Amino acid sequence: MRQILFFLILTLLTYCSTPSEFHEEKTVYVAKTTEGFTLMRNSLPFKIKGAAGSPDHIESLAQAGANTIRVYDTTDLKTVLDKALAHNLAVAVDIPMANYQSTFYQSQANRDSAFIRIKKLVEGHKDHPALLFWMLGNELQFPTDYFLNSRQLSFIAFFNTLLKQIHELDPNHPVSTSIASISKKRIFSIQRRSPNLDFISINIFGQIHEMDSQISKLSLFWDGPFLISEWGAEGPWINRKTNWNSTIEHKDGEKAKEIEKVYTQYLDAYPSRNLGDLVFYWGEKQETTHTWFSLLDSQGRKSNMANSVAQYFQGPNTMLNRPPLIENMLLNSQNSWSDIIIEPNTICKAKVEYKASDSLDIHWEIVKEGWNVEPGKKEIKPTTYPLTKGLEKITFQAPENEGPYRLFVYLYDTNQNFTTANIPFYVLR
């Protein structure tokens with residue numbers, strides 16, 4: 001009896017979660033064909049190839065060859081959409097929502113406020129020609145238990161109410177939500193509890209090399225379309241730590257090679273269901289460091305990672321102006337893997353070795369480690385201490401206060417390119 005019930009549920013999930021083959025003509029929709037699923041935009045197939053990032057850098061993203069930007073902040077969205085339209089970019093708009101485990105949803109006033117806010121957002125921008133789709137929440141930790149408690153059920157009911165409202169207000173654009181990596185339980189739960197989502201979006205980094213096999217394991221209950229909504233170099237959650245638990249960051253050039261490996265080997269998984277991909281992050285963003293995911297710096301200069309992404313967008317035969325490349329960086333003759341401990345006010349030496357086809361401006365700085373970040377809160381770049389400029393080898397005095405730090409070096413050329421590397425160290429009395 002249990003087996004019969006299980007297969008009935010799977011059959012219903014497959015039926016309910018599959019975009020219809022029959023539809024009224026819409027601006028953007030997911031079409032089901034004999035070959036799989038295709039995102040249609042203005043009556044033409046549209047394969048998403050772009051970036052999640054800052055709207056401040058829409059122009060450079062378009063110049064790099066992208067067709068889409070995903071934005072997380074809806075402040076002044078009209079200006080963002082207008083700018084994207086001027087540069088021929090489509091916009092995936094995140095609708096910010098609190099993680100379901102937060103206390104936010106326990107308040108009816110909060111739910112009412114969110115309902116009104118989202119209604120106003122959708123009504124105000126649903127007819128803009130740059131709009132591609134709505135992303136209802138980013139990594140909400142959608143409940144995965146088979147038997148849900150009242151709090152979980154309440155969240156799902158509210159989520160589905162919002163989903164229904166968006167579809168009714170704007171039938172011309174799909175609605176998705178993003179999850180972290182490929183979670184069998186979470187995808188099953190979304191299929192079962194919120195089958196009216198148009199497609200699932202997946203933020204995936206280190207697990208991306210397993211994406212093909214992981215998705216194949218879900219075929220019994222999920223064969224619908226998906227978007228790779230964030231991808232890039234492996235993140236700071238990896239097991240590559242110092243003795244004081246700071247994550248060791250690869251050099252910019254090494255991360256560029258990671259990106260190249262991803263787009264040449266893994267992004268084409270399940271092409272009949274894959275609606276496209278968005279690399280993370282076009283702009284500068286503080287996550288453990290201000291350089292980990294940042295394809296650009298604060299001035300919009302392009303890293304080796306950004307160069308690798310542009311190569312993906314434009315094709316392998318396109319000749320691009322390459323940034324300088326750091327080959328080695330040392331602090332007191334030790335590299336980033338060396339668990340460097342320094343006494344306060346010690347005189348230290350550092351050097352950088354590199355390749356470049358252009359004249360360079362070299363900057364050094366010390367940055368306090370970004371520790372004790374509250375989950376779900378926006379990270380802010382910690383205190384920085386600028387050092388010498390223009391030199392490949394420097395001598396400097398270590399900080400007086402105990403604690404974890406990083407020594408950064410930046411190399412800037414005359415073509416708006418840069419590269420960077422850093423070494424973690426600990427000041428201990």
Which Cα, out of Thr264, Met135, Phe159, lies furthest along the positive dipole direction of segment 2-314 (beta carbon charges, K/R +1, D/E -1)?
Phe159
How high is the relative contact order of the chain? Use alpha-carbon pairs under 8 Å, at least six apart in sequence, and give a whole percent.
14 percent
Between (i) -0.63, -1.00; (ii) -0.41, -0.98; (iii) -0.50, -1.03, the structure-derived log10 I(q)/I(0) by the Debye sum over Cα atoms at q = 0.08, 0.12 Å⁻¹ is (iii)
So Asn149 and Phe104, fully extended at 0.36 nm per residue minus their Cα-Cα distance, gain in nm 14.5 nm
Mind running the shape call on segment 62-210? Use the C-alpha gyration tensor, a ≥ b ≥ c as the square roots of the eigenvalues: rounded below 1.5 for a/c, prolate if a/b tops b/c, oblate otherwise.
oblate
Give the long-range amide H neighbours of Gln334: residues separated by 5 or more places, or on another chain, with amide H under 5 Å away, using H modelled in the peptide plane at 1.01 Å from N.
none
Phi to ³J(HN,Hα) by Karplus 6.51 cos²θ - 1.76 cosθ + 1.60 over segment 139-148, Hz, x for Gly, Pro:
6, 6, 6, 3, x, 10, 5, 5, 9, 9
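Mind checking segment 338-398 for GluC sites (Glu not before Pro) that DSSP puts in a loop (not H, G, I, E or B) and that have at most 15 other Cβ atoms within 10 Å?
Glu379, Glu392
Only loop residues by DSSP count here, and only those with at most 15 other Cβ atoms within 10 Å; note down the chymotrypsin sites (Phe, Trp or Tyr not before Pro) in segment 188-274 that meet that. Numbers along the way, then the final one.
On the way: sites: Phe188, Phe199, Phe205, Phe221, Trp222, Phe226, Trp231, Trp237, Trp244, Tyr263, Tyr266; in loops: Phe205, Phe221, Trp222, Trp237, Trp244, Tyr266.
Answer by residue number: Trp237, Trp244.
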Fraction of antiparallel bridges per DSSP, the chain only, in percent to nearest 5:
55 percent
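Report, in listed order, any pair from Lys164/Lys217; Lys32/Lys119; Lys47/Lys302; Lys257/Lys302 with a Cα-Cα distance greater than 22 Å.
Values: Lys164/Lys217 30 Å; Lys32/Lys119 29 Å; Lys47/Lys302 25 Å; Lys257/Lys302 15 Å.
With Cα atoms farther than 22 Å apart: Lys164/Lys217; Lys32/Lys119; Lys47/Lys302.
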Can you name the helices of the chain, as whole DSSP H runs, whose Cα span along the helix axis is 18 Å or more and whose Kyte-Doolittle mean is not below 1.6?
2-16
Cβ charges +1 (Lys, Arg) and -1 (Asp, Glu), total dipole of the chain, debye:
780 debye
What's the extension gain from Phe115 to Lys241 if we count 0.36 nm per residue and subtract their Cα-Cα distance?
41.1 nm
I'd like the distance between the alpha-carbon centres of segment 53-101 and segment 361-429, rounded to an integer number of Å.
29 Å
From the Cα centre of segment 207-229 to that of segment 316-346, the distance in Å is 36 Å
How far apart, in nm, are the 7 Å Cα→Cβ label points at Ser213 and Ile341?
4.0 nm
Cβ-Cβ FRET estimate between Ser298 and Asn42, R0 fixed at 56 Å, reported to 0.05
0.95
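Throughout, read-outs are computed from the coordinates displayed, never taken from laboratory work. Computed from a prediction, not measured in an experiment: that's the story for all the values here. So basically every Cβ, Gly included, is an ideal-geometry build from the backbone, and we count neighbours across all protein chains shown.
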